[in-house]
Amino acid sequence: MRVISASQAMDLIKNGDHIVSALGAAEGQHFLSELHTAAGRVKDITVTSCLSLRGYPYLDAAYRDTFQTDSIFFSPPTRAAYPNGNVAYLPAHLHLCGVNRLVHRKPNIYIGAATKPDKHGFVSLSVSNTYEKRMIRQADTVILEINPNFPRTFGDLELHINEVDYFIEADYPVPALAEAPVTERDERIGRHIAEYISDGDCLQLGIGGIPNAVANALADKKDLGIHTEMLSSGLVKLVKSGVVTNARKTKFPGKTIAAFALGTLEVYDYIHDNPSVLFFDANYVNDPTVIAQNDNQISINTTLEIDLTGQCCSESIGPRQYSGTGGQTDTAVGAQKAKSGKSFIALYSTAEIKSPHEKNADGTYVRTRVSKIVPMLKQGAVVSLSRNDVDYAVTEYGAAHLRGTSVKERAERLIAIAHPDYRGELTAAARELMLIS
């Protein structure tokens, strides 16, 4: 077992190297915090990341001639660095993100967090196996930051120390996300979705106010199961309250299945040494054909904007990348392929848009309310979920069942769940576009 410091690890980087970082809370913080110090000695370095949680110095504009970051999912640090010109979005469905990246380019260096070795010489990749183990198998050099604070987890994310080239000893806390507050609009959306969920259904649920509201609205359900890309605090609360038992699952009964965990410290405490939670490669977990093997699979995702035909833009604001495709299509399609499965795409009916120039008397920027159900998506908007793959669309004003409906029916049903102030103009626009007569 070869232990080095983060600064010594910089000496392993060569010109033109491709560095792959683990996802989210599993990223190697010591290595990435030092990475900018290699500037000047090396050039043409590419970093592949996903959902990075910290704004590391190498993302600064000062280092853009040395480092290019290709991100599978934008987060606040990558969004902030994007205007610098050294961050690019890497499009991919989550179940193919690792596979497709390896088709294009293999990693020279893999860096990520892990648990300390156990008595048998094995470490656990802990909070993510989205693409991590797959990348490790292909990397020329594997570096793990072993950390006693990271939970020991199970599934297919164990590695023997002989499979690792270098270790960096670390002692930072597992990155945790604050619990997203639940608003009145969230609660209304959560109640609408909960009406369609029955005892014994199997859940995929994300993170944020709407998913947390859905979890809260499921408190009276029984024997729910979990097959999800991300294990979040909302899902863990359902397990701990007894609502989730996984007893009726048709695939892996009794087990919670996920690709990664991200949330509060409660999530990490729950998964530590817990054999009822299994983490597998997202290529498996998020494969729609695997998802479909769970009867009564429920997929719940959110979107930024939906047009009157059902096209969902969930990752960009016009042409500007905001987040990522993630597993939205994976889970939506998988749930609909499942026996008695359902897929929900949720959004607020309106949003407050800040003017880039106009200010109020108090110096704050003017905000304008707009409908998030629109005749056509903004110019340049990315279609994350095609209209062919939408089942239920939900706002605080109700749920519109779109699967199997014509464009005319879709427009009528979506207008019915739009904010009342915008239904008239949406109807007029639908007529002008010849969506309705």
### Task
Report, by residue number, each residue of region 207-231 that is part of a loop (DSSP other than H, G, I, E, B) and either more than 20 Å from the chain's Cα centre (by Cα) or at pLDDT 95 or above (or both).
Leu218, Ala219, Asp220, Lys221, Lys222, Asp223, Thr228, Glu229
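Restricting the search to region 129-149, which residues are free of Cβ contacts under 8 Å to residues at least 60 places away in the same chain and either among the hydrophobic types (A, V, I, L, M, F, W, C) or under 17 Å from Val47 (Cα atoms) (or both)?
Of the residues in region 129-149, the ones free of Cβ contacts under 8 Å to residues at least 60 places away in the same chain are 136-138, 140, 142, 146-149.
Listed by number, the residues that qualify are Ile136, Gln138, Asp140, Val142, Ile146.
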### Message
With the structure loaded, tell me whether Thr130 is in contact with a Leu (Cβ under 7 Å, 6 or more places away or on another chain) and assigned to a loop (DSSP other than H, G, I, E, B) or whether it fails that test.
### Response
yes
### Query
What is the residue count in region 252-264 for residues that are touching an Asp or Glu at 6+ places or on another chain (Cβ under 9 Å), part of a loop (DSSP other than H, G, I, E, B) and closer than 14 Å to Gly155 by Cα?
1
### Message
Asn246 - would you say it is within 17 Å of the chain's Cα centre (by Cα) and either closer than 23 Å to Glu396 by Cα or not β-branched (Val, Ile, Thr) (or both)?
### Response
no
### Task
Quick one: count up the residues across region 402-436 that are over 16 Å from Asp391 (Cα atoms) and more than 30 Å from the chain's Cα centre (by Cα).
17
### Message
Suppose we keep only residues that are under 16 Å from the mean Cα position of the chain (by Cα), among the hydrophobic types (A, V, I, L, M, F, W, C) and open to solvent by less than 30 Å² (accessible area, probe 1.4 Å) within region 268-295. Which one would you say is nearest to Ser126 (Cα to Cα)?
### Response
Phe279
### Query
Can you name the residue in region 277-293 that is among the polar types (S, T, N, Q) and in contact with a Gly (Cβ under 7 Å, 6 or more places away or on another chain) and, of all such residues, is nearest to Met434 (Cα to Cα)?
Asn286
### Summary
Quick count over region 304-341, residues being open to solvent by 10 Å² or more (accessible area, probe 1.4 Å), β-branched (Val, Ile, Thr) and either touching an Asp or Glu at 6+ places or on another chain (Cβ under 9 Å) or closer than 14 Å to Leu203 by Cα (or both), is 4
### Query
Looking at region 355-372, which of the residues that are in contact with a Phe, Trp or Tyr (Cβ under 7 Å, 6 or more places away or on another chain) and surrounded by 11 or more Cβ atoms within 10 Å (Cβ to Cβ) is farthest from Leu308 (Cα to Cα)?
Ser355
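Kindly check whether there is at least one residue in region 180-198 that is in a helix (DSSP H, G or I), of a type in the set (Val, Ile, Thr), farther than 30 Å from Glu27 by Cα and open to solvent by less than 70 Å² (accessible area, probe 1.4 Å).
Applying the first criterion (in a helix (DSSP H, G or I)) to region 180-198 yields 184-194.
Remaining after also requiring of a type in the set (Val, Ile, Thr): 189, 193.
With the extra rule that they be farther than 30 Å from Glu27 by Cα, the set shrinks to 189, 193.
Checking the rest, the ones that are also open to solvent by less than 70 Å² (accessible area, probe 1.4 Å) come to 189, 193.
The answer is yes; a qualifying residue exists.
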### Query
Any residue at all in region 240-251 that is open to solvent by 10 Å² or more (accessible area, probe 1.4 Å), in contact (Cβ under 8 Å) with a residue 24 or more places away in the chain, in a helix (DSSP H, G or I) and not β-branched (Val, Ile, Thr)?
yes
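The values are calculated or read from the model by the stated rules, or taken from the named source; none is laboratory data. What you are looking at is a predicted structure, and each value in this text was computed from that prediction instead of being measured. Note: ideal-geometry Cβ built from the backbone for every residue, glycine included; neighbour counts use all protein chains shown. We work out accessible area using only protein heavy atoms, side chains counted, and drop any ligands, DNA or RNA first. Shrake-Rupley method; radii C 1.70, N 1.55, O 1.52, S 1.80 Å.
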